[in-house]
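Undergrad: Handing you a structure now.
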Amino acid sequence: MVDTAFGPPRDPGTRQIESAYLELTRRRRMYGGILLILFVALMASGFRLAEARNAGGFVDGLPMLLSFPAEVLSEAWRNRANLPGMVLEHLPSLVETVNIAAVSTLLGGLAAMLLALLSTRGLARWPRLTPLFRRMMDATRAIPEIVIALMLIYILGGGPVPAVAAIALHTAGALGKLFSEVAENADPKPVEGLASVGAGWGQRMWLGVLPQVAPNWLSYGLMRFEINVRASAILGFVGSGGIGYDLKIAMQWGQGRYDEVVAIFLLLFVTIVAIDRLSDHARTRLVKGRNA
Amino acid sequence: MLEVRNVTRIFGRRAAVDDISFSVEGPAFVGVIGRSGAGKSTFLRMMNRLTDASAGQILVEERDILALRGAARRQWQGECAMIFQQFNLVPRMDVVSNVLHGLLNRRSTLATMFNLWPRQDILRAIAILERLGIAEQAPKRAEALSGGQQQRVAIARALMQDPRIILADEPIASLDPMNAQVVMDTLKRINVEDGRMVIANLHTLDTARRYCDRVIGMRDGRIVFDGTPDQLSTGAARDIYGADDSFNEAATSTAIPADKAPDDAYAARMLA
């Protein structure tokens, strides 16, 4: 018996606590085990269903997974002398794409700040209206940006403006949710301190909340900028210009233009890396001050 | 049993701990006092190997624990328990799980990740909690407990490690006087009943005088006092804290006063 190994519990109350806790751990383990079995069973059956509906076979297709990238890369390697020229050639359209992303991130981010503060529990200007602002953000996230872009292109014609509007709308909803979660975790004490001297809502938010949430908001904003560079490249496919349009032409051309595809991907990759480095730098600056 | 030889820690260009040496024989209750920034915490963190030393040796039973690396270092951490000012428990896990964490160095990673502990470990954890008088809190989340109770859970986690040395970094600095006394009494009991060495950083002189067998005073990274509590005169305390004649330890004492003159005066006023 275990009891003899540890000496009998000195107190009947403790014995009760022991058995209750052991019962609790047994129940937890049982629930954990059932969940694990359920998870494995669902994954296995789901995989078989998907496999059955698939035109090809997952296992049969697996070896071919790398054949397209291999073809693209080998062709680009053969024509590697062309790459620097092509990178230069596509630089203007990259600038357009990055501009679309930057403007839409800025506009969407500003809207997100306002929406976030208006829909955060404990900070909202009109607490009763928080569900309204939350649903507004949900709506902007629910509609795919490509649908909005296509609609606007139909009305306004091709070009960067429909892309900016579409991406900014989605950014407002997506960033607004993240911003609001950050603001919810902000310390209420400084805000209370400002309220105690008679500050208005705008002053409390600008001077009490913003300094606290700035580092996180900034890094979420720059992360969104990254995502928006990609989104604006995709929108180029449907006619809003930029590097996406070039990529579409090069891909459609197929064999013979793969070096161009690789050049465009290189440009996009370097852009994302640059934004990531910028984000790191700006964040350390904000958190640790100018001397860091 | 413990011998500290010329230990130094340099942060940037400043020596937080500056060439300190002392030795302790047998399971003593050692108090380290000094103002904030004197290097007390840095020293304890070096003993537990949370912070690396810049130079020197710490010999525990003839073994230099500052030279340990990798798994050997983690094993030493398993044998040398640490108690923190802010308790450092996992707030969202229950009390027994927090106590069981004392065994992490001796159990496999996979089993502990899924919280699978042998029945005997669980029973031992509850027995330790009972010894510290908080067994009824066993199934609660650590964050639901008061500060004094949380610190006793931290002590239970330390006891679960079955350590030879317990380090306590300002164990009562975040507690009210009543809970502070319960926690210090608990540490003293472990020291006397189990024969484990306790090294505690303390921020009040009266605590050091009441509980310690030996007091070490630090100032600017150096040891400026090493003796018994009786030798710790007001003059010596002024040296340690770098204070002038206006220093009065009663002004900031957190002890519950033995003097009952104010009570008598209050009673007299009420009866008048």
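The values are calculated or read from the model by the stated rules, or taken from the named source; none is laboratory data. Keep in mind the model is a prediction, meaning the values are calculated, not measured. Cβ: placed from backbone, ideal geometry, glycine included. Neighbour counts: every protein chain shown.
Undergrad: Just the residues that are touching a residue at least 60 places away in the same chain (Cβ under 8 Å) and either at the interface with chain A (Cβ under 9 Å from one of its Cβ atoms) or touching a strand residue (DSSP E or B) at 6+ places or on another chain (Cβ under 9 Å) (or both), please, taken from region B:72-93.
TA: Correct list: B:E79, B:C80, B:A81, B:M82, B:I83, B:F84, B:Q85, B:N88.
Undergrad: Based on what the data block shows, is A:R224 touching a residue at least 24 places away in the same chain (Cβ under 8 Å), basic (K, R) and part of a helix (DSSP H, G or I)?
TA: Spelling it out, A:R224 is indeed touching a residue at least 24 places away in the same chain (Cβ under 8 Å), basic (K, R) and part of a helix (DSSP H, G or I).
Undergrad: Let me ask something else about it. Tally up the residues in region B:118-142 that are of a type in the set (A, V, I, L, M) and at the interface with another protein chain (Cβ under 10 Å from one of its Cβ atoms), please.
TA: Of the residues in that region, 8 qualify.
Undergrad: Is there a residue in region B:48-61 that is farther than 28 Å from B:D220 by Cα, at pLDDT below 95 and buried (at least 18 other Cβ atoms within 10 Å of the Cβ)?
TA: no
Undergrad: Anything in region A:238-256 that is surrounded by 16 or more Cβ atoms within 10 Å (Cβ to Cβ) and not hydroxyl-bearing (S, T, Y)? List them, or say none.
TA: Within region A:238-256, A:V238, A:G239, A:G241, A:G242, A:I243, A:G244, A:D246, A:L247, A:K248, A:A250 qualify.
Undergrad: Right, here's the next one. A:T105 - would you say it is under 29 Å from the mean Cα position of the chain (by Cα), within 28 Å of A:L267 (Cβ to Cβ) and not basic (K, R)?
TA: yes
Undergrad: Among the residues of region B:94-117, which ones are within 14 Å of chain A (Cβ to nearest Cβ), crowded, with 16+ Cβ neighbours inside 10 Å and either touching a helix residue (DSSP H, G or I) at 6+ places or on another chain (Cβ under 8 Å) or under 26 Å from B:A72 (Cβ atoms) (or both)?
TA: Selection gives B:D94, B:V95, B:V96, B:N98, B:V99, B:L100, B:T112, B:W117.
Undergrad: Same structure, new question: Is it true that A:A263 is in contact (Cβ under 8 Å) with a residue 60 or more places away in the chain and in contact with an Asp or Glu (Cβ under 9 Å, 6 or more places away or on another chain)?
TA: In short, yes.
Undergrad: Please tell me if B:A173 is surrounded by fewer than 24 Cβ atoms within 10 Å (Cβ to Cβ), part of a loop (DSSP other than H, G, I, E, B) and away from chain A (no Cβ under 14 Å).
TA: Against the criterion (surrounded by fewer than 24 Cβ atoms within 10 Å (Cβ to Cβ), part of a loop (DSSP other than H, G, I, E, B) and away from chain A (no Cβ under 14 Å)), B:A173 qualifies.
Undergrad: Given B:D194, B:D162, which one is farther than 19 Å from A:E18 by Cβ and within 14 Å of chain A (Cβ to nearest Cβ)?
TA: The match here is B:D162.
Undergrad: Can you pull out every residue in region B:118-147 that is small (G, A, S), buried (at least 20 other Cβ atoms within 10 Å of the Cβ) and in a helix (DSSP H, G or I)?
TA: Passing the criteria: B:A125, B:A135, B:A142.
Undergrad: Scan region B:103-124 and report the pairs whose first residue is under 24 Å from A:I17 (Cα atoms) and whose second residue is at pLDDT 90 or above and aromatic (F, W, Y), with Cβ atoms within less than 8 Å and a gap of 6+ or a chain change.
TA: Every condition considered, the pairs that remain are B:L103/B:W117; B:A111/B:W117; B:I122/A:Y21.
Undergrad: Pairs please, first residue from region A:279-292 and more than 22 Å from A:I227 (Cβ to Cβ) and modelled with pLDDT under 80, second anywhere and hydroxyl-bearing (S, T, Y) and assigned to a helix (DSSP H, G or I), Cβ atoms under 6 Å, 6+ apart in sequence or on different chains.
TA: A:A292/A:T284
One line per residue, one yes/no per condition, for (1) in a helix (DSSP H, G or I); (2) exposed (fewer than 15 other Cβ atoms within 10 Å of the Cβ); (3) hydrophobic (A, V, I, L, M, F, W, C):
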position	(1), (2), (3)
A:A199	no, no, yes
A:S232	yes, no, no
A:S279	yes, no, no
A:A282	yes, no, yes
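Undergrad: Given the condition among the small types (G, A, S) and closer than 24 Å to B:L187 by Cβ, answer yes or no: does some residue in region B:62-70 qualify?
TA: no
Undergrad: Given the residues A:L24, A:L35, which is the only one that is modelled with pLDDT of 80 or more, within 12 Å of chain B (Cβ to nearest Cβ) and under 22 Å from B:R131 (Cα atoms)?
TA: A:L24
Undergrad: Against the conditions (1) farther than 30 Å from A:G208 by Cα; (2) under 19 Å from the mean Cα position of the chain (by Cα); (3) modelled with pLDDT of 90 or more, where does A:N99 fall short? Just the number, please.
TA: A:N99 satisfies every listed condition except (2).
Undergrad: Hey, another quick one. Here are A:V72, A:V40, A:V59: which of them is in a helix (DSSP H, G or I), of a type in the set (V, I, T) and under 30 Å from A:L266 (Cβ atoms)?
TA: The conditions single out A:V72.
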